[in-house]
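Structure, as structure tokens:
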Amino acid sequence: MELQIVRHRLQYHIERRISSMSENTGLAPPRCPPIRLTREKVSGFKIRVNNLSGQHLDACYQCGNCSSGCPLAQEMDILPNRVMRLVQIGQKDDIIHSETLWICASCFQCTVRCPKGIDIQAVMDTLRQIALEEGVDHFGPDQINPEQAAEVPQPGLVGVYRKLST
């Protein structure tokens, strides 16, 4: 009887952990639908991002250093290493409609931590540029009221306007 209680509690904690991982870390839930890939879809978007950013995204081997060093990872719906993977497999719609592009502080922490030397921040800037070209924008300067702007540190405002001008 006691063994059944332990198993039940263990199962409960495992299920809670899996659900919190999918909600908080941008990881796919265990039973997600399959992604349909085509050669044109994958190579077209990836080549465009490679050319615009000047980076070779195939070098990313998903070590996770970029995500573990990101000071805003807990706020992102898709972690930086997951963004890199989604670019590699050509999932443009998932990326340009995510909040991650606009939450990124452009602090270069991901770039500094990357063992392959990929400028991940430049890739994020490129993805924001593509999103704006597609008409997707999650933030505008008119959304900051003067009271909030007075409380935001100056580097934060510079980062916001920098994102709007890329």
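Coordinate-derived values only; no laboratory data. Note that this is a predicted model, so its numbers are computed, not measured. Methodologically, a virtual Cβ is constructed for each residue, glycine included, from the backbone with ideal geometry; neighbour enumeration extends over all protein chains shown.
Observations on the structure shown:
- Efficiency of FRET between residue 151 and residue 89 - r from beta-carbon atoms, R0 41 angstrom, step 0.05: 0.55
- Put simply, when 84-96, 59-71 are sorted by average Cβ atoms within 10 angstrom per residue, most first, you get 84-96, 59-71.
- Per-residue extension of 0.36 nm, minus the Cα-Cα distance of residue 75 and residue 133, leaves a gain of 18.4 nm for this segment.
- Per-residue ³J(HN,Hα) for the range 78-87, Karplus 6.51 cos²θ - 1.76 cosθ + 1.60, θ = phi - 60°, Hz, x for Gly and Pro: 10, 5, x, 5, 6, 4, 4, 5, 5, 5
- Computed label-point distance, nm, for sites residue 116 and residue 47 using a 7 Å Cα→Cβ extension: 1.9 nm
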